[in-house]
Structures are given as structure tokens and as C-alpha cells.
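Accompanying notes for the structure given below.
The values are calculated or read from the model by the stated rules, or taken from the named source; none is laboratory data. Because the structure is a prediction, the values reported are computed rather than measured. Cβ placement follows ideal geometry from the backbone for every residue including glycine, while neighbour counts extend to all protein chains displayed.
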Amino acid sequence: MTLKNALLFIPFLVFLGLLQSYLWVPTYEDQTTAGEGRLEKFISAISGDARLLNPIVAADSASGFVVSHVFDSLLEIDENLRLKPHLAKEYKVSCLATIVVGEGFSPESLLQKISPHLTSEASEIRVLEPSILIRLIDPDGLGPLKEQEVKVTRPNRIEFFLDDVDPAFFEKSLKILGTEYGQEVTGISAVSVSGEISEGLISIATDLAPITEIRPVIDFDLRKDVTFHDGEAFDASDVKFTYEAIMDVRNLSPRRSDFEPIESIHIRDSHSVRVIYKRPFAPAIFVWSYMGILPEHLLNSVALNKEMDARGISGTARDGFGVRASKFNRSPIGTGAFKFTDWKTDESISLARNQDYFDGPPEYKELHVRIIPDSVAREVEFKAGAVDTYLADPHQVARYLQDPAYQPFTSLGLGYTYIGYNLRREPFQDVRVRRALGMAINIDEIIDYVLYGEGQRITGPYPIQTDWYNHDVQPEAYDPGKALDLLKEAGFHKNSEGFLEKNGQELRFNLISNNGNPQRKAILTIAQNSWRKLGIRCDTRLLEWAVFLKDYVNTGDFDAVVLGWGLSELDPDLYQIWHSSQTGPQQLNFVGYKNNEVDDLIENLREEYSRTQQVEMARNLHSLIARDQPYTFLYVGRRTQVVDRKIVMVKRSESGAVVDYEKLRPTPTGNLNYFFNRWRKLEAIPDL
Amino acid sequence: MFKYFTRALTQRIFLAFLISIIAHAVVHLAPGEPSEVDPSNPLMKPEDIAQIRMAFHLDEPLYLQYAYWIRDLVNGDLKSFKDSQPVLPKIWERFLNSLPLFFVGTLIVWCLSFPTGIYAAVNRGSKYDRLSTFSSYALISLPSFFLAYVAILWVVNNFGVPVLGMRTFGLEEASGISRFMDRVWHLVLPSFLSAMGGVAVLSRYVRSQMLEVIDQDYVRTARSKGLDEDTVIYKHALRNALLPFITMFGLMLPAMVGGSVIVEQIFAWPGLGRLGYEAILNRDYPVILTLNFIAALLTLFGTFVSDVLYAVADPRIRLQ
Amino acid sequence: MTRKNINSPVRETWSHFSRSWFSVSGLIILAFLVVVAVSGKVLTEWYVVFDAETVRLPQKLLPPMSLANANLFDETKGLLFGRYLLGTDELGRDVFARMLQGSFVSLSIGLFAVGISLVVGISLGGLAGFYGDRKIGIVRVDTLIMRFTDVMLAFPTFFLILTVVALLPPSIYNIMAVIGLTSWMGTARFVRAEFLSLRDADFVVAAKALGASEMRIIFRHMVPNAVAPVFVSATLGVASAILAESALSFLGFGVRPPYATWGNILSDGRSYIFDAPWLFFVPGFAILVVVLAFNLVGEGLREALNPRLRRTK
């Protein structure tokens, strides 16, 4: 072969060789029909890789998704958003109320004095001997790494065990005893610390050594038939260990502050746990519905030491090595319906059915999560059948509704989008201005056109699906004329150029948001346009997420923002976002909302254990905040999950035989994946 | 020769040091925070954020952070902000994923550029020449993601085969050769797209080298002597053309890091480009710094190899 | 063999350049582009004939050549023949007008970026070439500049652009500057090489002997002769700057609103590829044509300016 031919033809041959590999690859039709294998796998796609497959440190949605299938929590949220047992088959809330025996009294004489004035029945009364309690505190708010150890002297006390949490148990008694009662043995005089006593410590000393204490108690009765994926039995020590791991500073758990109200966890027997709280805090029970339980035998200090030895970690590096650093997070073991099998970084995570799952094994044999960062690519894979479910963009929903091969399910998200006004700045300090700005925007039009109808108007700070949301609060109607009137009432008038001004100052401000979100981008444009028609000059900017948060939101350096809250918490606690103490830099009340009435209501709500009371207080909060309009509450978006129509739900009889197939359905509150363990894919679209 | 060698080497070591400092300064002077430290959900309280900042040394002065970086890098202890896993094994793992893309890409570049360039030169001015010139320019005038989407949609709609990712899901039970071919197939489209620029440039280069050679005196001499024209042309053209290719090869190595971000993103390919991009989005400083540094090191290494090969091949350079 | 008259270098270059259909048509397209860009800016911002900004939500995602619904509002001024020539985008804005507006921005990004890279490249290359032997401290100027060039070349270009742009505050000027500041290295090398060879050329030595000042020598004698390869790399540089900007937009770091560029119109349009394909294909095609034109002109220049490739007739 001449050189010329070699140079020209050999490369082409190699290239053809590469191309022929196409012939070996099964087409999409082949994949679904060739063998049952594909039908038994559920393949979903996410845009970003998971980081740590461990419930105590998972902070991103991908990790959260995998963790929700691999781990179980003590309680669960049911179809109607109520708590229901899961790993714990029962739970009971009670409370310990203690009062110090002050000067001039003996336990008996004190008891005699206050008995007639106690507001509940106590099932048990005991006398506590003096003792020393050691606590870790952070008086100056420097963070858990700077916590101080303090010794608190507890004098004689009487302890009452109540069947219900009653924060007002001692109210009347204290009135009888007088304001000076017990001062000499409580407060800062009972606290000793190595080093200086700081300002911060003085102010919380009364918390550390109070005269009376109401400490809620939750007793969990655990199931005895649960095992971890490696065969080890699940018991109370795993629950206690999980709590300790969360509180361990080395693990940098983002959930640590949720567990702060817990004073201690006691193992009463192998399947029974008692959790004692420091103070009444009603939302506390909810944390047990989302926190997966870790296997103690794989992550305790013995296990970690073995791991450090195996990995050759020595010296000072061993001190910082906690659960967060363990290889466990790359191959987790839990009690959940699916076991972890494989994680190819940035490519896919694979789970397999847990045949011994206590709640019955799931229908799917395997669950795979593919990481496909590009949204167009995800849709291509979904349409081709390589992925079983797809989250449609609002503009695509109409197309999927008409497509016979798919079943779309639309549900409301948990959370909402809003325009937040910086209440520390003019002109936003006037509620009329805020209301006018909200009235000037046609929010229904935004929902219709930007969200393609996939959204719902909201009026307040709670997720609309919950009981806390007050449906009686009406949204402000779109009325630019009335908006202009309100602004005139607030002192603005149109200048020669047609723009509004007051005292020579033009009504002009910045509206900013983060980029990468087409809905927010559209809202910026629409708001700007709408306000311009009224004569308001609004400059818009889109910033990169990290910069947006760090330099503008967290420092409070903004006029108005378009943002959203994703509220996965189902409790009615609004403290972090709406309490006036949370307006500092980096805190979540970044608009600077301060309302005493609202503050009180929030604080009381945290201590209220009766559900009917909670609902009433929450709805009250909703209407108060709606009246003040610190935000223009916009909408909650609908998410549409599109699933292959061949996927159905299986109905089994008591004995476990398959009785019937049902169409997929979401819970009344819109959660489609609630029944996931019953899903199965059939070979052809069934007639249902 | 030895002197040339050592001079080239020491210069590069010094450059590497300089590069690490510049890379570190640039990354840290930027605004924004590592996202572990971002309260993007209401769950992260300020105390939690403060403790994370301390653990990652984010509040220390810049030169200390640089020292920490270098120390941890050398110890193999450097951990990513994202998930506290060591950085170097991560980069290595992704490097192994990007390597096949690089190889097949280079293979495609050479396989396509040689024939087309040579043929175009030999038939200069013909329809083929003009068509290939035009199409090679057209292909590099498209934004890469545009071409990628069009190519994917075309293949999926017309051939019905999966193209995304490194392998097809659900082939675990198939034979070894099927799985191997599957991996090859998944390599073809993304490599081809990343190789586009290289093919256009190289085929033009081959063409121009060939044209130079064709006009030279010694070809005429050979022709007049009755030697086989083809052999002469190809032998000489090849030799002259090969030398600059050595430089290009050296520079292609770092292209593995930067050039393929978009292709890897669209094809869901877990390679170095994507690692870098996500690290940038998350402000994962250890990963960004190390990647930039490694990429620069690769370039230095590549050009060093080129220089050495040049010196071996071309005596004129040695005597400088 | 026809004897050519002694032409100026420009005429000679042109005669070689114009032999290729590709190059000439590229040039025509570029001229057209400049007209479009300038008129686009004028007609959408100063003397508004085409309205690129008004949001008309009920008219979103209409295909090209759709009739505007005049009954819904009175904002149909600014539409040629009352039609949306290239359709509307997801906010009901006229795509044709946006493309007009974007042409100016895209072009200016390219030109500014290249301008910056030329200024830096020529200065550094010239200094290295002309004053190379002088020393600052113990280091030769030439070595200093060339090593610095090597450091910059060592970073993978796109990745470096991405890193820096992602970390800086987003603004169109930052993007221009970063693209420019990462692409000067080639120019610097060319210029240095040319200066090095020209330095010892007869006419320069003669000028020196006659007592001409250094500045005069550099600007009057050397630069005009060194400028040829710079033209080529400038033209190709604009093309790659436009592509780099669209790549940055795809990755989320492109130019922000209110500026519309073809790159970000294209990148925004990609989620509508199944539902409103014109939002994706129109800007893509436009970029193709323009960048191709730049590439063809650049290559044409390269061939025309390179004596070795000229065919002898």
C-alpha cells in the first residue's frame, strides 16, 4: 500500500471503526422490551450530584432524596400532613415541672403552700436533692466552637410529672410566693464558670438556674422488628447516638440548632427512649419526622477509631474526625425501604430493594438516580424512555397534558415567592407605599403568563396546604388607580417628568434578585414595567446567587428583593423569619420586620401544645402579617411531575398477593411520591 | 543540550510556583462564599455558619490560607469544601473519566484532519477543497452547545439510541464486548464535538504544510528525476508537518480541563471540566485552586516535552 | 506572465484577498453586520422604530411572522407590518427587535475584547522585541515579558475566563476585559517575533544611523510592517470573543439584563427548544453567519498576507 493510500484510508477506517459501535447499542425500544430488567428499575434524574448520604449532614436536595429512601425517621408525616408513627410505634408527650425550695421552706411546707394553686394534676411528685449540673453554653453568640462550660448549682427542688405540657403550671403559685422567692439560690448566684463572667452570661443565667422549670418529655416506644441493612437490629441506642452525633460540633450538622431545645435523651430500655426538653417548644416534635436514624454500631467511637486506623489517620487529625468525615457517607446503611448499592460520582447513585423492610418491601427492585445537569438533556432522556420521571417547566406542562404517553401530576410546592421590602429604608417604612406597590402589579397575570397558570396566589407566610394558612385573608386586587391614590395619600405627587416624588425626592429604588431563575427574572421586568406606569423609577439587577446573599441580603444592603422561601417545615413556628430578634446580619428576618404583637404571638405559639390553639394563633399571625405587608406575597408555584403512563400502583391483599393495579395518585396535599413504594412499571399502558 | 534541558526545567518550576500564587490570589479575592456556608435554606443559623467558617480557615489572612492550601495539598490532606472528601483522589477519578474523551478526541482529530487536509491540498481549488474549507469553518463558527443540542436531537430522533452519559443503563447483564462497544459509542459523540475545533485547525494546517511542500524545489527535482511524486510529497510533507504537531499535542493536554466544560455538562459526563465548573459555582476553593494549578502544570509539562522533542529534532534550537 | 505594477501593499493584499469568493462574501457580510448593528442600536434605543423591551405577556411564544393582536393594547407600534417578524419570546418581546439590539452589544463585546488584547499584546510584544536586551535588575526585559506570557498561556483559557468571570461582579465591562486580558498572548508573540526580525533590517538600521528617535522608528517604520499578522489574529479574535460570550451565557455567567446579546438570547432560548424552536435557532443561525464571516475574512487575510502561500502565475 502506498504511503498516500495509507495516510488517506487508514484514518477513515479507524473513524468508521468508532462509528460502528453504534450497532452494538440497544435502541430505546429494545431497552424496554428486551428483558424485564428495565421494568424493575426506576430511573430518575437530578441536576446535581449528592454530597453526603447521611441524614444528619445532608444539606442538598440530591443527598436528601437518597437519604429519604435509605433511612427512616422515628415518626412520619402522613397523607394529611399529620404525624404518624414509623420507627417509633407510639409516642407520648408529658412534662416535668420543677420548682426550687426557697429560703424558709422545706419541701413539705412548700408543697403544702402551693398545692391548691397548681393548674394540673401531677401523676408523680418527687423531691430532688441538691446537685451540680454542667452545661455547655454560648452566651455571646460566638458559635458552637466557642461554647463555654458552666457549672450550675441546683438546690433542693420539687419535681412534678404531668401528663400534658402545661407552661402555666406554676403561674398562680408564684404569685402567692412573691417576686423575691428563690432569688438567693437561683440566677447568676447559682452559676460558676472558669474565667470571667460575661454580659451575655448574666442575661441567660436566669435560664440556667431558674426558679421554675417546665420541661416537656416525649417518650418513644420503638418497633422491635426493624433491622439495619447489614442485619444489625435497630434499638434505642441508635436514637440516642443520632442525637449525639448531630450535637457533636465536629460534624457541622446544619440541623444542630433544631435539636438544641433537647436537654437529654435517656435509654429506658432497649426499645424505649425518653427525650427531655429544656423548655416548652411545640415545634420540637416535628424534627423527629424528618431526621433519619443512624446505625450506632457503624459510627460510634469504636467504629470510627477502626476506620481511622485503617485509613492511616493519626495525630491531631484524629481529633477532628467525626461522623461527617467517615466513609460511611459514601456508602450509607440505614433501615429504609431501599439499600444503597453503588455511587459513581457525578454519574449515578443506585439503590436496591430492602426485602426485609418492616413496612413491606417496595415494588421496584432497583432505584437509580442519574445525574444529568442540563435540563434539555434531561427532557431528551425522559422522552426517549431512559428516565422514568421528569419535572416539567411551566411552559412545557400544556404539551405534556396532551401527550397520551405520559401522566402529569401537578401539585403545589411548599413555600412561596415574594417581593421583600427593606423596612429600614424610606419609602418602605410607610405601609401605604408597600400596599400600593403590591396593588400596582397584576399578580394574576404573572401567574397566568409567567407560570403558564401553574401557580396560586398566596397572602401570608404559611404553606397554603397546611392548617396554619388563613384562607379568610383576601388578596389585594390589582388596582393601579387605587395604588396611585394610596401613594398620593402618602405624600407623593407627580413631578414635571411624570415621576412620583415627595419633598423633592424621587420615588426610586433598586429591585434585585438572583440569576438562574427565569421566573424571578420575569418578575423583575414585570414589576419594573408596572411601577413605571405609576411613575415609579425602579432599577433592576440580577446577581449571582452567592454574591446576592453575601453582599446584599445578609448585610441588609438592598431596597427590594424578589425571593422565595422553600418551607419544608410543617410546624407553625415563624420565629426565624418574622421575629424582631432575627433582624441582624446573616439572619433570616432580613427585611427588618418588627411588630411587638407579632413577636408575642410567635413566642406564645412556640410554647402552645394544643393543636386547636396553635391553628388559631397561626391564622391570627397570618392576618397580622398580611395587614402589615412587609412582603408583597406573590404566589406558590405548582410543580408538575410527569411520569411514564406505564407506571401504576400495586394493591396487595393481606396475604401479600397482588390484587389489583391502580392509577398513580398524589396525597390530598399534592405529594405524588408519598406512595412510591407501591409503584411498578408495566410492559404496556394499562387500561385503568 | 543538558544545559538547555535544565534551563527549561528550572524556568518551569519557577513558573509553577508563580502560577500557584496568582491562582490563589485570584480565587480568594473574589466575592461570594463557599456554598456550605450559604444559608440558602432557613435551616442554617448564623452559629452553624460561623462554625463551618472556622473549620475551613475562611477567616484567616490570605497568606495563611495559601500556606494551608499548599501544606494540605502536599500532604494529600486537602479536603473539598463540598463534602470534606480529599481533593486529589477526586481529581484523579475525574481525570480518568476525561482521559478516554481526550484520547478518542485526539484520535478523531488526527483521523479526520490528515486525509481531508492532504486531499484538499492536492486538489487545491477544487470543489472538494472549497467545500471542506467552508464546512470546517462553519463547524467552528457555531457555539458549541448549539451544535451539541442539534447533534443530540438529530441522533436521538433518527437513530433512536441513547447518547448521554458514559454508558447505557441496564446493560449489566450483557456481554463484555457489548458493554465495551456501548462505552465506545457514548464516547463518540462528545469527543467528536470537542474535537471540532481541532479538526478545523489541524486540517487547514496540514493543507498549508502540504501546499508549501508541493511547491518546493526538491519536489520538482524529484518529479523531473522520475521518482514517484506521491511518495516524495507525502514523505516530506509529513516530516515537516509533524514537528509543529508536537507543540499542539503538548497544548492539548490542558484543554482536557478547560475545553470540555460545556460538552461534559450537556452529555452528563463526569469529567474534569464539570468538576471545575461545579467547584466554581460552589466556591469550593480547594478544588478550584488545585484544578487551575494542575491544568497549568499540565501545560508546562506539555510545552516542556515539546521543547525537548524540538531540541532533539532540530539542531538549530539546541545551539541557541 | 503579466507584469504587475508596483502597487502599494494594501492593493496587493486586496488583489490576493479578492480572489477567494469566501473571503469577499465574508467581508460583505461583515459590512452588513456593522450596518445592522449601528442601525439596530439607533432604531431600538434612540429613535425608536423597533421596540425591544416592552413585555406583552398575552403575546408570548408566538412563531415568526405572526400577526400582532392590536386589540389587546396599543403597543403595536414598533412592529413592521404589524407582525412579529421573528416571533416573540417568553415574555412577549419582539425577537426581531431584540436581535437588532443585541447585534450591537455582541459586536461591541467582540471589538472591545479584541481591542484590549491588541493593546496589551502589541505593547508587551513590542517592548520585548525592541528593548528586549535591556535589563531591569538582573533580568532581561525580553525574558521577563516572555515568561509572563508563558504563565498566562499556562492557564487553560476558557477555564480561566470562567473562573474569573464567575468570581467577579457580573458586568458587561468585566466580561469584555476578562476575555481581552486572556487572549493577548498570541499577538504578543507575533509582534515580538516581527520586531526581532525587523530590528536588524536595513531600513531600520538606516533610520537609526540618520538619527531618528526610537519612538519614530517604532511607530513609523516597524509597526506598519509588523501589523499584518495582528490583523489576522484580531479578526479571528472577534469571532472567538463572540463565541466565548455565548459559552459564558450558557454556563450562567454571561452578560446580564438589561443588555441583550445574541449569546444570551440563544442561551435563554434553549429551554424552549421543543416548544418555541425559533427562540433557539434564530440567534444560533445569526451567530453562525457572523462568526463564520469573521473566520473567512481572517483566513482570507492570512492567505493574502502570507507570501509563501501565494500562487505564482
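In the set (1) touching a residue at least 60 places away in the same chain (Cβ under 8 Å); (2) over 22 Å from A:Val249 (Cα atoms), the condition left unmet by A:Lys344 is number (1). If the condition is being outside any strand (DSSP E or B) and within 16 Å of A:Ala560 (Cα to Cα), then the stretch A:493-514 contributes only A:Leu507. Filtered by the rule that a residue be touching a Pro at 6+ places or on another chain (Cβ under 7 Å), more than 8 Å from every other protein chain (Cβ to nearest Cβ) and either modelled with pLDDT under 85 or not in a helix (DSSP H, G or I) (or both), the stretch A:537-586 gives A:Thr555, A:Gly556, A:Asp571, A:Asp573, A:Leu574. Do you know which of the residues in the stretch C:146-159 that are part of a helix (DSSP H, G or I) and touching a Gly at 6+ places or on another chain (Cβ under 8 Å) is surrounded by the fewest Cβ atoms within 10 Å (Cβ to Cβ)? Filtering the stretch C:146-159 for residues that are part of a helix (DSSP H, G or I) and touching a Gly at 6+ places or on another chain (Cβ under 8 Å), the one surrounded by the fewest Cβ atoms within 10 Å (Cβ to Cβ) comes out as C:Thr157. Considering the stretch B:126-168, the residues that are small (Gly, Ala, Ser) and at the interface with chain C (Cβ under 9 Å from one of its Cβ atoms) include one that is farthest from B:Ala200 (Cα to Cα), namely B:Ser144.
Every test in (1) more than 16 Å from A:Thr667 (Cβ to Cβ); (2) surrounded by 18 or more Cβ atoms within 10 Å (Cβ to Cβ) is passed by A:Ile77 save one, and that test is (1). Take A:Asn514 and tell me if it is free of Cβ contacts under 8 Å to residues at least 12 places away in the same chain and surrounded by 15 or more Cβ atoms within 10 Å (Cβ to Cβ). Against the criterion (free of Cβ contacts under 8 Å to residues at least 12 places away in the same chain and surrounded by 15 or more Cβ atoms within 10 Å (Cβ to Cβ)), A:Asn514 does not qualify.
Report yes if B:Ser208 is over 20 Å from the mean Cα position of the chain (by Cα), of a type in the set (Gly, Ala, Ser), at the interface with chain A (Cβ under 8 Å from one of its Cβ atoms) and not in a loop (DSSP other than H, G, I, E, B), otherwise no. No.
Within the stretch C:30-44, the set of residues being surrounded by fewer than 18 Cβ atoms within 10 Å (Cβ to Cβ) and under 13 Å from the mean Cα position of the chain (by Cα) comprises just one member, C:Val34. None of B:Leu101, B:Leu96 is in a helix (DSSP H, G or I), farther than 30 Å from C:Val282 by Cα, touching a Gly at 6+ places or on another chain (Cβ under 8 Å) and more than 7 Å from chain A (Cβ to nearest Cβ) except B:Leu101.
Do we have any residue at all in the stretch B:156-175 that's touching a residue at least 24 places away in the same chain (Cβ under 8 Å), in a helix (DSSP H, G or I), out of contact with any Gly (no Cβ under 7 Å at 6 or more places or on another chain) and among the aliphatic types (A, V, I, L, M)? Checking the stretch B:156-175: not a single residue is touching a residue at least 24 places away in the same chain (Cβ under 8 Å), in a helix (DSSP H, G or I), out of contact with any Gly (no Cβ under 7 Å at 6 or more places or on another chain) and among the aliphatic types (A, V, I, L, M).
Here's the yes/no breakdown for (1) without any contact (Cβ under 8 Å) to a residue 12 or more places away in the chain; (2) within 26 Å of B:Arg283 (Cβ to Cβ); (3) assigned to a helix (DSSP H, G or I):
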position	(1), (2), (3)
C:Gly115	no, no, yes
C:Gly121	no, no, yes
C:Gly126	no, no, yes
C:Gly132	no, no, no
C:Ile161	no, yes, yes
C:Ile179	no, yes, yes
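Output yes when any residue across the stretch A:274-291 is in contact with a strand residue (DSSP E or B) (Cβ under 6 Å, 6 or more places away or on another chain) and among the β-branched types (Val, Ile, Thr), and no when none is. Yes - at least one qualifying residue is present in the stretch A:274-291. The sole residue among A:Ile265, A:Ile293 that is assigned to a loop (DSSP other than H, G, I, E, B) and among the β-branched types (Val, Ile, Thr) is A:Ile293. Flag: A:Ala490 does not match the condition of being within 30 Å of C:Ala166 (Cβ to Cβ), touching a residue at least 60 places away in the same chain (Cβ under 8 Å) and of a type outside the set (Val, Ile, Thr).
Listed residues A:Leu437, A:Leu412; which is out of contact with any Gly (no Cβ under 9 Å at 6 or more places or on another chain), of a type outside the set (Phe, Trp, Tyr) and away from chain C (no Cβ under 14 Å)? The conditions single out A:Leu437. Of the candidates A:Arg665, A:Arg627, the single residue that is under 30 Å from A:Gln429 (Cα atoms) and not in a strand (DSSP E or B) is A:Arg627.
If I filter the stretch B:264-275 for residues that are at pLDDT below 80, surrounded by fewer than 24 Cβ atoms within 10 Å (Cβ to Cβ) and assigned to a helix (DSSP H, G or I), do I get at least one hit? No, because not a single residue in the stretch B:264-275 is at pLDDT below 80, surrounded by fewer than 24 Cβ atoms within 10 Å (Cβ to Cβ) and assigned to a helix (DSSP H, G or I).
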